[in-house]
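Engineer: One structure coming up, written as structure tokens, with questions to follow.
Each reported figure results from applying straightforward, stated rules to the coordinates on display, with no laboratory input. These figures come from a predicted structure and were not determined experimentally. All Cβ positions, even for glycine, are placed from backbone atoms using ideal geometry, and neighbour counts span all protein chains on display.
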Amino acid sequence: MAVRKLFGTDGVRGKANQYPMTAEIALKLGIAAGSLFKRGDHRRQVVIGKDTRLSGYMIETALTAGFTAVGMDVLLLGPMPTPAVAMLTRSMRADLGVVISASHNPYEDNGIKFFGPDGYKLSDEMELEIEERVFGDTKDCLAPSSQIGQARRLDDAVGRYIEYAKNTFPRGKRLDGLKVVLDCANGASYRVAPTVLYELGAEVVAISVDPDGRNINADCGALHTDKMCEQVVKQGADIGIALDGDADRLIVCDEKGQVIDGDQILALVSREWKESGILKGNGVVTTVMSNLGLERYLKANGMNHIRTQVGDRYVVERMRADGYNLGGEQSGHLILGEHSTTGDGLVAALQVCAAVVKERKPVSQVMHLFEPVPQLLKNVRLSDRALARAALDSDPVKIAIDKTERALGDNGRLLIRPSGTEPLIRIMLEGEDQAQIAAMAEEIAQALIGEVKALEAHL
């Protein structure tokens, strides 16, 4: 595959007002993507949503200029969760959907990701074609003056997504009596998520719902759960729900303030869906990072477990290819194929709440379905990406890896992968003994460092 110049695993991303996240590149992306999705003789339309970052205004305006320049009409949604944009792209019969967000990253960053008319993220091939057009001559793509596109706000976008989310909750059921602490990360869900839970009958204590352009994900949300956990205990709540900046990720905590990650949520939903007969493929798709405890739980309960490389897009691709409707990541990206085409933190939270209300037990009992195997993540920073990859193929490192795998046997896992963007080797180890896997990780790390130094000496 050709080398990517702009797109990473989840769209184009970078620090706002620095390449590639500039108004100039956003304009070119609008022209390039718009010209690619001109299909048929009908009036083409693109849906644009964003999170609450300060730079969203700049990028939204530049994208709008690009799309209208090639003759596409633009529907502006304002701050909306990523899954809402995917849903509205399908609902509005749009040719393209765009989300302006850097997800869980700090406010200084921003990103642009595209959805096709089916609500799924674009393929690698389409992204590469957009790149080619960005760096090519786009003069022939511009529409005649009489055919320049129009831009308008979709005033009822919030209401549409609220109704859609509520309709994913079991028909005829309510959340009466459930007290929820909801952390919206000062992000895209700050309006929709509290409303959905409130209208379903929950008592909602909403926190991090005052975005100012700079406080998105700042010590709050799915990556910083301390505030949520503290409030659950303080308020005597039944459950804590934390979303990230664009609301495609979910982490929860129980009534004791103990964090529950995406693996436990997947275990719960898989059980519920299997019992109700809606689980397709009789299994779950996850990445290689999901805990061995989840794998054992699924197998013990007669379900399949399929692993993919890291990235929710690869989970979705495998789900679509093999006919599964449930997948996700340990980090809380949960793809509920019965309802959504991408990760939807709010919809996943509703599935969790439905199970809690049904069982009438504390969350700590409902959601502790398996004992996680101790897991250790270690990043080994090296001097050069090429040398790091060469070290992985060296005999001393292979010997250390083989020794570790033999010691673990069936009671653990070893995963080693080079970073795609930095001179890093990522080591993930799972095993029954935390001290043992820490020593194993250190042995592999030292072998890598030693081999890189040896390679450098011969340069």
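Engineer: Among Tyr324, Ala438, Val284, whose Cα projects farthest towards the positive end of the dipole of the chain, with charges put on the beta-carbon of Lys, Arg (+1) and Asp, Glu (-1)?
Structural biologist: Comparing the listed Cα positions along the dipole, Tyr324 ranks first.
Engineer: Taking the stretch 262-366 as the region of interest, what is the percent of Cα-Cα pairs per 10 angstrom bin, listed from the shortest bin to the one with the maximum distance?
Structural biologist: 16, 53, 28, 2
Engineer: Next up: When you take every Cα atom in the stretch 209-266, what is the radius of gyration, and what is Dmax, the widest Cα pair distance, in Å?
Structural biologist: Expressed in Å, the Cα Rg and Dmax of the stretch 209-266 come to 11.4, 33.
Engineer: If amide H atoms are built 1.01 Å from N in the plane of the peptide, which residues on other chains or at least 5 residues away come under 5 Å of the amide H of Asp73?
Structural biologist: Arg44, Gln45, Val46, Gln150
Engineer: Ok, one more. With no solvent and one equal point scatterer placed on each C-alpha of the chain, evaluate the Debye formula and give log10 I(q)/I(0) for q = 0.13, 0.14 Å⁻¹, two decimals.
Structural biologist: -1.22, -1.35
Engineer: Rounded to the nearest 20 debye, what is the charge dipole size of the stretch 262-366 about its Cα centre when +1 sits on each Lys and Arg Cβ and -1 on each Asp and Glu Cβ?
Structural biologist: Charge dipole of the stretch 262-366: 240 debye, to the nearest 20.
Engineer: Separate question: Rg to Rh for the stretch 375-457: what is it, with Cα atoms only and Rh by Kirkwood? Display every interim value, and only then the final one.
Structural biologist: On the way: Rg = 12.3 Å, Rh = 12.7 Å.
That ratio is 0.97, to two decimals.
Engineer: What are the residues whose amide H is under 5 Å from the amide H of Ala206, where those residues sit 5 or more places off or on another chain and H is modelled from the backbone?
Structural biologist: Leu182
Engineer: Please compute the modelled spin-label separation between Lys5 and Ala321, points set 7 Å along Cα→Cβ, answer in nm with one decimal.
Structural biologist: Distance between the two pseudo-spin positions: 2.8 nm.
Engineer: Under a Cβ-only charge scheme (Lys and Arg +1, Asp and Glu -1), can you give me the dipole magnitude of the stretch 165-257 about the Cα centre, in debye to the nearest 20?
Structural biologist: Magnitude of the dipole: close to 340 debye.
Engineer: Which distance in nm do the two modelled labels at Asp393 and Asp156 give, with both placed 7 Å along the Cα-to-Cβ direction?
Structural biologist: 6.0 nm
Engineer: Turning to a different aspect of this structure: Dipole size in debye (nearest 20) for the chain around its Cα centre, Lys and Arg Cβ +1, Asp and Glu Cβ -1?
Structural biologist: Magnitude of the dipole: close to 880 debye.
Engineer: If I take R0 = 22 Å and measure r between the Cβ atoms of Leu376 and Ser419 in this structure, what FRET efficiency does the formula 1/(1 + (r/R0)^6) give, to the nearest 0.05?
Structural biologist: So, using R0 = 22 Å, E works out to roughly 0.80.
Engineer: Calculate the length of the line joining the C-alpha centroid of the stretch 262-328 to that of the stretch 29-66, in whole Å.
Structural biologist: With the stretch 262-328 and the stretch 29-66 each reduced to a Cα centre, they are spaced 34 Å.
Engineer: Per residue, how much space in cubic angstrom lies within the convex hull of the C-alpha atoms of the stretch 165-257?
Structural biologist: Value for the stretch 165-257: 84 Å³ per residue.
Engineer: Testing the spin-label approximation: label points 7 Å from Cα along Cα→Cβ at Thr61 and Glu338. State their distance in nm.
Structural biologist: Rounded to a tenth, the inter-label distance reads 4.5 nm.
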